[in-house]
Amino acid sequence: MVKRRKIGLLYQYNENWIGGTYYIQNLVIALNRLAREEKPFLVIICQDRTTFYSFKKITGYPFLEWRAMVGKPYLFTRFMNKVSGILFKKIFFQTVRINTFNDIDILFPAIEHSAFSNVKHKLFWLPDLQEHFYPNFFTSFEINERISQQKKLISNNDIILFSSYTALHHFNTIYPQNLNQKFVLPFAVNIPKILSDNNQEVLHQYKVGEPFFICSNQFWQHKNHLVIFEAIHILKAKGIGIHVVFTGNENDYRDKTYFQKLQCRSKELGINDQVQFLGFIHRNDQITLLKKALAIIQPSLFEGWSTIVEDAKALNAWIICSDIAVHQEQLNAYPNCAFFSAEDAEQLSTQLVSFLGKKPITPYDYSTEQNKHTLQLKALFHSISNE
């Protein structure tokens, strides 16, 4: 029998960056599509058994082991621009022997820590390089920390994974001298199966009236919610009323007042009755609302690879996207999309009006992207472990 490759995955459930949590979940679900004999053994390195068993239930993966890194508080700066689902400001480590993880073939998303010093292969993750393009969204300390970490990756000649060719291009442009081995792996999402047809129950629960648009992003500045407010205001001045539902965690760690500023701006524009904030909601409820909306709006100024764009593709739903490079990369083959200039509220308002009459959907088979993700993961881990 061929020995299974052993991969260590750093994981934590964290609603302050749920995209990072979903990223690791989706990665393991993708690996679960492999034939049984091809599946690697996964060591899930997370805070506690409860988190591990929840992860095991969500992914249904048969070859999992939990190893703890919990205990004494240890402050980490956010590693490599939200490097993984577990690196959110604080993480809790127990005292571990340096050889605890000796048997792991590949660690992902890798971090520099003595506990992992003897891991054979470390795969680092750079989702994006936003701090180079929107430094005003970061503290000077955080910018310096991220750039320092990026330079360390280069000096150590570490292996780096990017989620998009856009991010790879940014990295090579910013650091043309780098000689790192680099891989690009766009991720695909998995939509949970909702067994009961509870659409109306969900609408009633959240007091959402139809028709409506939806923006499902965490309330961080670069997500650019304000352009939607301005577009609603433009349409209201023309006598056209639309309703937009917003879901997502309302805490921006970079600017604790950001959500309050949005609420104030909504009041100033006189559109309070046209916007609805639901906060962070259950994934199944989110999916139901995404399916029922006239269209999903994704106005972001910057992304590494957008989860909500992948959700739209998986649901075969209409999405109105800012025309940044990574969105165009993601939607290159997807027919049910429309674009607007990221800071042009007038363009967005025009797009919104065009969706007030429900547009027909062109069939799209997202399973091809899910299968591609699986095969690319298999090839990636094979390539690294065979070096």
Pick from S322, S383, S349, S354: which is in contact with a helix residue (DSSP H, G or I) (Cβ under 7 Å, 6 or more places away or on another chain) and of a type in the set (G, A, S)? S349
Unmet requirement for D252, which otherwise passes all of (1) modelled with pLDDT of 95 or more; (2) of a type outside the set (F, W, Y); (3) closer than 24 Å to G19 by Cβ; (4) surrounded by 19 or more Cβ atoms within 10 Å (Cβ to Cβ): (1)
Restricted to region 176-197 and to residues being part of a loop (DSSP other than H, G, I, E, B) and touching a Leu at 6+ places or on another chain (Cβ under 9 Å), the residue modelled with the lowest pLDDT is I191
Picked from region 44-70 (must be among the basic types (K, R) and surrounded by 15 or more Cβ atoms within 10 Å (Cβ to Cβ)), the residue nearest to D105 (Cα to Cα) is R67
For the condition surrounded by fewer than 22 Cβ atoms within 10 Å (Cβ to Cβ) and at pLDDT below 95, what is the one hit in K267, K261, K238? K261
Kindly indicate which of S148, S114 is at pLDDT 90 or above and not assigned by TED's automatic domain parsing to the domain that holds V326. S148
Screening S300, S349 for residues that are under 16 Å from S216 (Cβ atoms) and either touching a strand residue (DSSP E or B) at 6+ places or on another chain (Cβ under 6 Å) or surrounded by 17 or more Cβ atoms within 10 Å (Cβ to Cβ) (or both) leaves only S300
Being in contact (Cβ under 8 Å) with a residue 12 or more places away in the chain, in contact with a strand residue (DSSP E or B) (Cβ under 9 Å, 6 or more places away or on another chain) and of a type in the set (A, V, I, L, M): is that true of I361 here? no
When you scan region 228-331 for helices (runs of 4 or more DSSP H) that lie fully inside it, which ones turn up with 1 or more residues that are more than 30 Å from Y165 (Cα to Cα)? 258-269, 283-292
Out of all the residues in region 111-149, which are aliphatic (A, V, I, L, M), in contact (Cβ under 8 Å) with a residue 60 or more places away in the chain and out of contact with any Ser or Thr (no Cβ under 9 Å at 6 or more places or on another chain)? V119, L123
Do you know which residues across region 267-276 are touching a residue at least 12 places away in the same chain (Cβ under 8 Å), at negative phi and in contact with a helix residue (DSSP H, G or I) (Cβ under 8 Å, 6 or more places away or on another chain)? L269, I271, Q274, V275
Cβ pairs under 6 Å, 6+ apart, first in region 160-172 and outside the structural domain of L331 (by TED's automatic domain parsing), second crowded, with 22+ Cβ neighbours inside 10 Å and part of a helix (DSSP H, G or I): S164/V326; T166/V326
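The values are calculated or read from the model by the stated rules, or taken from the named source; none is laboratory data. Just so you know, these numbers come straight off a predicted model, no measurement behind them. Reconstructed Cβ throughout: ideal geometry from the backbone, glycine too, with neighbour counts over all protein chains shown.
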